[in-house]
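Read through the structure below, which is laid out as structure tokens, and then see the notes.
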Amino acid sequence: MYRLLWIDDEIELLRPHIYFLQERGYEVETASNPEDGIVRLKEQNFDAILLDQMMTGKSGLDILPTIRETKPNVPIVMVTQSEDEDLIEHAFALQVSDFLVKPIRGSQILAVLKRILESRELARTRSQQEYLSEFNRLQNLISPSNSFEEWFDLHNELTKWEITLIDELKADTAVQSTLEELRKQANVDFCKSIERNYRDVIREQDAIVMSPHIVAEYVVPHLEKNKAVAFIVIDCLRLDQWMAIEPFVRELFDVQRQLYLGILPTATPYARNSLFTGMFPIELEKTYSQLFSLEDEDDLSANRFEKEFLEVQLQHLGIKLQHELVYLKSSSPEDAVQLERRLSSFSSFQMSAFVFNFVDQVAHSRSAVAVMREMVPTESAYRDIVRNWYRHSQLPNLLEIFAKSGTVVVLTSDHGSTRGKRASKVMADKEASSGLRYKYGRNLKCDRKAALYIDRPEDFYLPKRGLNTTYLIAREDYFFVYPTNSNQYARMFQDSFQHGGISLEEQVLPIVTLLPKQ
């Protein structure tokens with residue numbers, strides 16, 4: 001049985017059509033005004049929406065953006081009295097699936113619904129069958145001996161399947177379970193690959209692109225060609241979340257998406273400072289010992305010198321900017337207002353840099369605020385939140401300005417996040433750091449299957465932090481709790497989005513070059 005929502009201010013006149021659909025197995029919920037329709041959409045799930053264009057107050061077109069924000073993948077059939085071409089083009093641009101022109105007959109409605117819903121069902125079935133036929137191939141690609149390029153390809157494929165089957169086609173639970181198991185198996189072997197090969201890769205430097213190489217590899221070549229460049233870092237953005245917003249960006253730019261390997265720990269003070277300095281953490285500690293210290297991974301001031309770091313890095317790479325580097329961080333409503341005020345000026349600068357913290361804030365607040373856990377129960381819901389944030393943030397306006405001015409945009413993430421599902425007890429002294437997915441200090445002990453134990457930080461290009469400092473980096477979906485009140489903290493952080501550890505979601509990250517369309 002399909003569930004429909006019909007929004008029309010003359011809904012009582014449509015009762016014969018509603019009875020007609022009900023007799024043919026459709027469950028029809030009604031709303032006599034746009035506001036009630038939006039409320040029902042937020043409270044319930046529907047397979048399709050019938051939406052009247054001409055209503056008292058707000059029109060169907062007026063509420064289409066809100067509908068798309070609330071239910072981005074539900075088919076919409078617009079019922080209109082007009083066949084105006086501009087109206088139809090506008091509606092299709094807002095992702096309307098089809099039109100019905102009044103006066104309408106029950107058979108017309110049924111034909112449109114059957115075509116839309118059955119075609120989606122066929123697409124879902126076909127995609128699920130294709131995935132199941134691919135399952136063995138993907139499973140055979142998972143191996144601890146994979147190169148990092150092979151891990152990039154596998155992560156990319158798994159992510160595309162997850163978005164297609166879960167977000168777009170709402171695959172059945174059996175298919176979703178196989179995807180989850182495949183992802184879990186991949187992370188087990190990815191962690192083994194990191195333990196075996198990470199030290200060699202960071203020593204070789206040019207073996208693979210990592211966090212310290214991003215500016216040199218992706219920003220500088222455009223500056224050397226006298227192109228204006230905007231460098232945008234979205235804190236904690238994962239590959240799947242970028243894929244969720246990429247279709248909107250493609251309207252303005254030719255998109256060149258690649259992947260890179262984020263450094264350990266996958267936490268902001270290490271990973272983002274590595275982007276802006278072009279250094280690994282051990283080099284950062286040595287070079288900026290008087291300026292900067294990584295004493296507390298929860299201290300936001302640990303990233304207060306990003307503009308200065310980027311300026312110095314560009315100078316070391318032989319870039320002399322014609323104007324001062326523009327830098328702006330957006331992590332609060334006040335920052336958003338400031339960004340809005342300055343939007344029109346950014347296109348005139350040779351080099352600008354921006355940091356957006358919203359995605360990371362969602363991850364942190366989900367652990368602390370109960371309502372956020374209800375709003376973001378799954379990775380798919382997280383993608384929806386990121387998609388809706390993008391559409392309503394200042395970022396699209398910023399990108400539009402850059403597209404019109406011919407500015408090349410290099411957009412990336414400093415680290416991703418993963419859902420912590422298994423608590424592991426850690427023994428530590430009072431000076432140990434407090435992170436859920438990584439810790440440093442003396443006398444650290446935990447179950448070795450839950451963490452990578454590092455007793456020689458210099459081998460991983462990590463700060464020594466004095467004598468006898470060791471690190472624990474959580475594997476897969478483990479997170480750390482202390483023995484005291486361990487059950488309480490395990491429940492508190494169970495299934496929360498965390499970062500700092502080793503996983504494909506945290507460490508294999510998008511690096512995107514956006515070239516303005518000519």
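Nothing in this text is a laboratory measurement; each read-out follows from the coordinates by a stated rule. It should be emphasised that the depicted structure is a prediction, and the values quoted were computed from it without experimental measurement. Neighbour counts run over all protein chains shown; Cβ positions are idealised from the backbone, glycine included.
Kindly point out which whole DSSP H helices in the chain project their C-alpha atoms 30 angstrom or further along the helix axis while averaging a Kyte-Doolittle hydropathy of -1.0 or above. Kindly include the intermediate steps, with their values, before the conclusion.
Details: long enough: 106-140 (51 Å, -0.70); 173-204 (43 Å, -0.84).
Sorted by number, the helices that extend far enough and score high enough are 106-140, 173-204.
Would you list which lysines come within 25 Å of K170, measuring only between C-alpha atoms, while excluding same-chain residues fewer than 8 positions from it?
Here the lysines satisfying the reach criterion relative to K170 are K42, K71, K114, K160, K184, K421.
Search the structure for amide H atoms under 5 Å from the amide H of L100, placed 1.01 Å from N in the peptide plane, and list their residues when 5 or more places away or on another chain.
Residues meeting the criterion, in which the H sits 1.01 Å from N, are M78, V79, T80.
Computed from the mean reciprocal separation of all distinct C-alpha pairs, what Kirkwood hydrodynamic radius does segment 123-201 have, in Å? Write out the running numbers ahead of the final one.
Numbers: mean 1/r = 0.0760 Å⁻¹.
Over segment 123-201, the inverse of the mean reciprocal pair distance is 13.2 Å.
Whose amide H sits under 5 Å from the amide H of F356, counting only residues 5 or more places off or on another chain, with H placed in the peptide plane?
V233, I234, D235, S330
Using the 10 angstrom Cβ neighbour count as an exposure proxy, how do V255, V215, V249 rank, fewest first? The partial results should precede the final answer.
Details: V255 16, V215 25, V249 21.
Neighbour counts put them in this order, fewest first: V255, V249, V215.
Rank these for me by crowding, R196, R419, going from fewest to most other beta carbons within 10 Å. Let's see the in-between values first.
On the way: R196 11, R419 18.
Listing R196, R419 from fewest to most nearby Cβ atoms yields R196, R419.
What list do you get for L237, L13, L41, L252 if you sort them by fewest beta carbons within 10 Å?
Details: L237 26, L13 9, L41 22, L252 18.
Lowest to highest Cβ neighbour count: L13, L252, L41, L237.
Mean residue ellipticity at 222 nm from the helices of the chain, using -39,500 (n - 2.57) per DSSP H segment of n ≥ 4 over the full residue count, to the nearest 500 deg cm²/dmol?
Helices in the chain give a 222 nm mean residue ellipticity of -13500 deg cm²/dmol.
Using just the alpha carbons, could you tell me how many Å³ per residue the convex hull of segment 3-104 encloses?
Details: hull volume 9.2 nm³, N = 102.
Dividing the Cα hull volume of segment 3-104 by its residue count gives 90 Å³.
Once amide H atoms are placed 1.01 Å from N in the peptide plane, what residues at a sequence separation of 5 or more from Y260, or on another chain, have their amide H within under 5 Å of its amide H?
L509, I511
State the Cα centre-to-centre distance between segment 90-158 and segment 195-252 in whole Å.
Spelled out, the Cα-based centre of one part sits 29 Å from the other.
If you wrap a convex hull around the alpha carbons of the chain, what volume per residue comes out, as a whole number of Å³? Working shown, then result.
Values: hull volume 84.7 nm³, N = 518.
That works out to 164 Å³ per residue.
In terms of the ratio Rg/(2.2 N^0.38 Å) built on C-alpha atoms, what value belongs to segment 209-415?
Numbers: Rg = 16.8 Å, N = 207, 2.2 N^0.38 = 16.7 Å.
Computed over Cα atoms of segment 209-415, the ratio equals 1.00.
Quote the charge dipole size of the chain about the Cα centre in Debye, to the nearest 20; the model charges only the Cβ of Lys and Arg (+1) and of Asp and Glu (-1). Each step should come with its number before you reach the end.
On the way: 60 positive and 77 negative charges, 242 e Å.
So the magnitude is around 1160 debye.
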